[in-house]
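Below is one structure; the comments refer to it alone.
What follows draws every value from the coordinates through simple rules; no lab data is involved. Everything numeric here is computed off the predicted structure, so don't read it as measured data. Cβ placement follows ideal geometry from the backbone for every residue including glycine, while neighbour counts extend to all protein chains displayed.
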Ligand SMILES: Cc1ncc(COP(=O)(O)O)c(C=O)c1O
């Protein structure tokens, strides 16, 4: 009998005992190809020797020093590294221990910025339906999954939501992707006008929506229009790159492919690659200056902010990615993965869409390709796919509620950047079998 409050009570989780490269081994000796990096975390796979060596070296010197007393070389070097490769103007880094904490920090820093510059009347946050921004109270409040917020609604701050970019289902027949993006941008501006432009703090969005929708990118031009609208109303643009960032889509930051630079950018998962819990918030110089010229500090901190072991691990991860030119592999194997998925599922009776960027790909499961009708949620197709995949030694990240937070199923793939062509083929082969078994094809 376990004393751990596991994610699903009563579920019999295998015990992970070791990992090497793209494989995790359980206590019975069974191997699983980690085709989702857990939840888009393990970008270098498991037990990468260079990262482990950097972590050991850090531990040999110092395991921890509280940031109210000291800075550390690891924290300084990682910040230098992140800023050197960040989108224009993101000149400072605030460290946290994960994605939700990065979002909490973003929301509070956005609010504090307006207090510092004499606009305390700004109090509204706008986000998108079907997004996931984390599980802590602030992150949950901006998140777009209605059912997940429901039980906690009395505890959550007021937020407002607009439509996600969901080309597969919501682009109208005859509408070009560009016109669709324009329509969504107008919806955002209408929402801003309804709330009063001077009352809004920020708009927050994932450039490529991950867990809740299965690797759904924006249409071309959408984020540029969003950036213009935010600028026109003096609203901050917060991009949540917790899942899609740090190389996952083939560029270090997903927003590079959308041609925009945010005011605040949250990163986590691939930053430390799972070697240590770490996240970060990158902030524009104007926000840093407002604090520096104003109260002099961000009214927000955690005990483990800038943990030296986590910073050393993340720095090593980022250096390996650059040294080994792994983003080129993300693009190359990402293209192969997309091709293979389309070959396997392009005419599958129960797969309606294949989408994504780089090594961040998703398939949407439907009961009927023609009508795009999803399966009855009671059938829990996503959970079945996960079980069938695990039985075949494959880790993927399926989720339900794709369409409207209740209906729909998808499978997210986010394999390590180190995988090769043969591994891509094996992943798609095993996934195909798992999907067929789950839907009874
Ligand atoms: C886009 C996005 N934001 C925030 C989070 C929250 O991160 P964490 O689970 O590390 O708190 C996640 C986690 O999946 C995410 O995908």
Consider a paramagnetic label point 7 Å from the Cα of residue 224 along Cα→Cβ; state which residues of region 167-190 have an amide N under 13 Å from it.
178-179, 181-182
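How would you classify region 221-308 from its alpha-carbon gyration tensor, with a ≥ b ≥ c the square roots of the eigenvalues: rounded for a/c under 1.5, else prolate if a/b is greater than b/c, otherwise oblate?
Numbers: a/c = 2.94, a/b = 1.07, b/c = 2.76.
Taking the square roots of the gyration eigenvalues as a ≥ b ≥ c, region 221-308 is oblate.
Could you state the orientation-averaged shadow area of the convex hull built on the Cα atoms of the chain, in nm² to one decimal? Please report the intermediate quantities before stating the final value.
Working: hull surface 85.6 nm².
The orientation-averaged projected area of the Cα hull of the chain comes to 21.4 nm².
Would you work out if region 12-132 is rounded, prolate or oblate? Take a ≥ b ≥ c from the square roots of the eigenvalues of the alpha-carbon gyration tensor; rounded if a/c is under 1.5, else prolate when a/b is larger than b/c, oblate otherwise.
On the way: a/c = 2.58, a/b = 1.52, b/c = 1.69.
It is oblate, given that a/c is not under 1.5 and a/b is not larger than b/c.
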Cα pair distances in region 84-152, grouped into 5 Å bins until the bin that holds the longest one, percent each:
3, 15, 20, 20, 21, 14, 5, 2, 0
Provide 168, 222 in ascending order of the number of other Cβ atoms located within 10 Å of each residue's Cβ, fewest first.
168, 222
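Can you tell me how much longer the chain between residue 300 and residue 319 gets when fully stretched, taken as 0.36 nm per residue apart minus their C-alpha distance, in nm with one decimal?
Fully extending the segment from residue 300 to residue 319 adds 3.9 nm.
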Would you mind classifying region 1-69 by shape? Square roots of the alpha carbon gyration tensor eigenvalues, ordered a ≥ b ≥ c; an a/c under 1.5 is rounded, otherwise it is prolate if a/b is larger than b/c and oblate if not.
oblate
Whole-number D in µm²/s for region 145-291 (Stokes-Einstein; Kirkwood sum over Cα pairs; 10 °C, 1.306 mPa s)
96
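How large, in Å, is region 116-219 by the Kirkwood hydrodynamic radius built from its alpha-carbon pairs?
Details: mean 1/r = 0.0680 Å⁻¹.
Hydrodynamic radius (Kirkwood, Cα pairs) of region 116-219 is 14.7 Å.
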Using the number of other C-beta atoms within 10 angstrom as an exposure proxy, rank 157, 267 with the fewest first.
157, 267
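Mind checking the full-extension length gain between residue 3 and residue 153? Use 0.36 nm per residue of separation minus the Cα-Cα distance, one decimal, nm.
That works out to 51.1 nm of additional length.
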Sorted on mean Cβ neighbours within 10 Å (highest first), peptides 71-83, 130-142, 19-31 come out as 130-142, 71-83, 19-31
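Under 8 Å for C-alpha pairs, at least 6 residues apart: give me the relative contact order for region 146-297, rounded to a whole percent. Present the calculation step by step, with values, prior to reporting the outcome.
Details: 192 pairs, mean separation 26.2, N = 152.
Over region 146-297, the number comes to 17 percent.
For a protection proxy built on the mean count of beta-carbon atoms within 10 angstrom, sort 177-186, 55-64 highest first, please.
Details: 177-186: 17.1, 55-64: 13.4.
For the peptides 177-186, 55-64, the packing ranking is 177-186, 55-64.
Against the 2.2 N^0.38 Å scaling, with N counting residues, where does region 295-441 land? I'd like the Cα-based Rg ratio to two decimal places. Kindly include the intermediate steps, with their values, before the conclusion.
On the way: Rg = 18.9 Å, N = 147, 2.2 N^0.38 = 14.7 Å.
This ratio for region 295-441 stands at 1.29.
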